[in-house]
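Visitor: Sharing a structure, written as structure tokens. Questions coming.
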Amino acid sequence: MPKIFDRQDLPKTIKRINEDVWFDLFQPLLLKIVNTDYGRDLLCIKKEPFPIVFIRKNEVRYYLGRYNGRDYFMSDFRVGAKWANVIRYRWWDFRAYAKKFYEKELYGQKIYLPLLKYRGQYIAAHVTDTFYPDPDPELTSVDGFVRKQNSGSWPTTRNASSGQEVFDALTSIQCAAGFESPNYRLSRAYLLFDTSLIPDGDTIDSAILSLMNSGGTPNSENSLHYIVSSNPASNTALALGDYSRIGATSFGTLSSYPVNIYVDVSLNSDGKNNISKTGVSKFGVRSKPDFEDFAPTGYYEGPNWYAADQTGTSQDPKLVVVYSAAAVAAKSRGFIFG
């Protein structure tokens, strides 16, 4: 049974749009859908043996052909907003089927999104994708942390070329700095995401990196964390030498650590530029003493973020990317599909 459209499923930032405007904007995609057998079944449209050339909330228009120099059409009108209501009711099935039509060739370029005509240009609708690191055994991307300890001084600990312990198959990730006389301890987190499905040439409009604390309570010195880049030697495993392969430019910060609740970091322009459209996006996390370079005086106490090796993905590190294709200049007055 199709899932009933529920307002609670909508993003909190969603903006309402007039039904007539929606049907106009998405006419190219809708015409592709309704000219398939499954599309007509999905939207409860009569299977007349004619192509559909127009659909709106209460009308479907068929093209009957050309005779004596004239084009003939037939319309099926309904009271109210039948097809808008059908799409609402069957939204999740509609959305899944619509994704099959996202990849198109346009003027020699591969476009992966439904195109809309707006002010004389064809532009792509936004698409949102969520990416996670792989659980063990990793195929494309890893997450975990590398730790250095028992080194005797803060500069020696922070500036070391390699760590002493690697953890990339645990269910949690640590990132903290601490002092337990006479030694310092420092860990750095690594978060990799295979984002290669984002079409090369598309524009990344926004990106949010989210982590969930499983129960660690940071002390005051570890109550701020910086999202940075990373560049481990392997995309699928961490090594001691990756300790020094961590960035020094902030992409955003975390300063809240509720238990079992995602904390979102909206990546700045540097962070968005760090997202790869052809491979793996590599991020890291550094604690405040590490990033700002001051010797911690408190114990090694930081958050324990869930890792990808936790069962399922509902608690995993995640990267949510909103992207769109670059505008393509219009070459005709009509829609390109159909």
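No lab work stands behind these numbers, since they all come straight from the coordinates. These figures come from a predicted structure and were not determined experimentally. No Cβ is skipped: glycine too gets one built from the backbone with ideal geometry, and neighbour counts run over all protein chains shown.
Visitor: Just to verify a number: FRET efficiency for D293 and K99, C-beta to C-beta distance, R0 = 56 Å, to 0.05?
Guide: Result of the calculation: an efficiency of 0.75.
Visitor: Which entries in K99/K272; K99/K277; K57/K277; K288/K318; K57/K100 show an alpha-carbon gap greater than 26 Å?
Guide: Cα-Cα > 26 Å for K57/K277; rest within.
Visitor: Now a separate question. For the pair V320 and A160, what calculated FRET efficiency results from E = 1/(1 + (r/R0)^6), where r is the Cβ-Cβ distance and R0 = 22 Å, to the nearest 0.05?
Guide: That gives a FRET efficiency of 0.05.
Visitor: Further question on the same structure: Give a residue-ordered list of calculated ³J(HN,Hα) values for the range 288-295 (Karplus: 6.51 cos²θ - 1.76 cosθ + 1.60, θ = phi - 60°; whole Hz; x for Gly, Pro).
Guide: Residue by residue, the range 288-295 yields 4, x, 5, 5, 8, 6, 9, 6 Hz.
Visitor: Going by how many other beta carbons lie within 10 Å of each one, how would you line up S314, S250, S223, fewest first?
Guide: Result, fewest neighbours first: S314, S250, S223.
Visitor: Let me ask another. Hey, fewest Cβ within 10 Å first, where do V285, V322 land in order?
Guide: With the sparsest Cβ surroundings first, the list reads V322, V285.
Visitor: Further, regarding this structure: Calculate, for N219 and F73, the FRET efficiency according to 1/(1 + (r/R0)^6) with r their C-beta to C-beta distance and R0 51 Å; round to the nearest 0.05.
Guide: For N219 and F73, the calculated efficiency is 0.10.
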